[in-house]
1. Provide the gained length on full extension for the span D109 to E21, in nm with one decimal, where the gain is 0.36 nm per separating residue minus the Cα-Cα distance.
2. Largest first and in whole Å, what are the equivalent-ellipsoid semi-axes of the stretch 142-204 based on the Cα gyration tensor, each being the root of 5 times an eigenvalue?
3. Let me know the charge dipole size of the chain about its Cα centre in debye, to the nearest 20, where only the beta-carbon of Lys, Arg (+1) and Asp, Glu (-1) is charged.
4. Using 7 Å Cα-to-Cβ label points, what is the E215/R174 separation (nm, one decimal)?
5. Where does each of 58-70, 150-162 land if you order them by average Cβ count within 10 Å, highest first?
6. Percent relative contact order of the stretch 48-142, based on C-alpha pairs within less than 8 angstrom and at least six residues apart?
7. Put one equal scatterer on each alpha carbon of the chain, apply the Debye formula with no solvent term, and list log10 I(q)/I(0) at q = 0.17, 0.18, 0.19 1/Å to two decimals.
8. Once you put a point 7 Å from the Cα of Q157 and another 7 Å from the Cα of Q66, both along the Cβ direction, what distance in nm separates them?
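Each value in this text was obtained by applying a stated rule to the coordinates, not by laboratory testing. All of these numbers come straight from a predicted model, not from anything done at the bench. All Cβ positions, glycine included, derive from the backbone under ideal geometry; neighbour counts span all protein chains shown.
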Amino acid sequence: MKSFLIGLCVAALAGSVWAGEVLFQDDFKGRLGPGWSWVREHPEAWRVTDRGLEVRIEPGNMWGPQNDAHNLLVRPAPAVKESEIEVSVSIENTPSNQYEQVDLVWFYDESNMVKVGQELVDGKLSVVMGREENDKTRTVAIIALDSTQVRLRLLVQGKRIRGQFRVPGANDWREVGECDTPAPRDAKANISLQFYQGSAQAEHWARVTDLRILEGN
């Protein structure tokens with residue numbers, strides 16, 4: 001009986017770890033996976049290698065009404081029903097320009113989105129979560145970051161969205177913040193990777209790998 005109960009506990013633990021269905025994944029190595037499209041593509045400023053997708057961070061902005069950043073990578077998001085949708089990606093960048101950033105974005109259109117990303121804020125490397133609705137912006141949280149490599153995660157359920165991050169070597173996710181998703185009329189959600197507020201004088205290439213989209217049970 002004791003070994004049977006132990007077996008049940010192990011099975012339950014494995015279920016909690018592995019619960020959920022992988023809807024899409026892309027390691028970006030050698031090519032982009034199917035379903036991606038570019039907004040304001042600058043072909044000379046992105047490339048795929050055996051190490052992942054690399055994008056030069058150019059001037060431009062998506063925070064507020066300016067909406068002129070290049071190389072927004074976009075794909076349709078799965079429908080959010082009762083189950084939680086999880087989107088995660090690993091990024092690496094060493095920013096030097098104020099507000100230079102690489103973001104994982106729950107993206108309706110250029111005026112409505114929620115982002116979590118690695119960003120340089122007042123000289124400090126940070127993880128920033130922000131919400132934008134009708135070009136009106138709100139910073140949800142800014143958390144100090146001690147690594148140029150970070151895995152970002154968005155968790156979406158109903159009308160709520162949470163941001164989390166994890167640095168290499170860490171076992172646990174750290175919470176960044178939580179907010180409501182914007183609700184533009186008739187707009188459909190997308191998943192986007194965004195790179196902007198770079199310096200025209202400094203050539204910085206961010207690297208992106210291992211994007212995964214899962215749906216919880």
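1. 29.0 nm
2. 25, 20, 10
3. With only Lys, Arg, Asp and Glu charged at Cβ, the dipole is about 520 debye.
4. Here the modelled spin labels are 3.3 nm apart.
5. In decreasing order of mean packing, 58-70, 150-162 become 150-162, 58-70.
6. 20 percent
7. Here log10 of I(q) over I(0) equals -1.22, -1.38, -1.54.
8. Taking the simple label geometry, Q157 and Q66 are separated by 3.6 nm.
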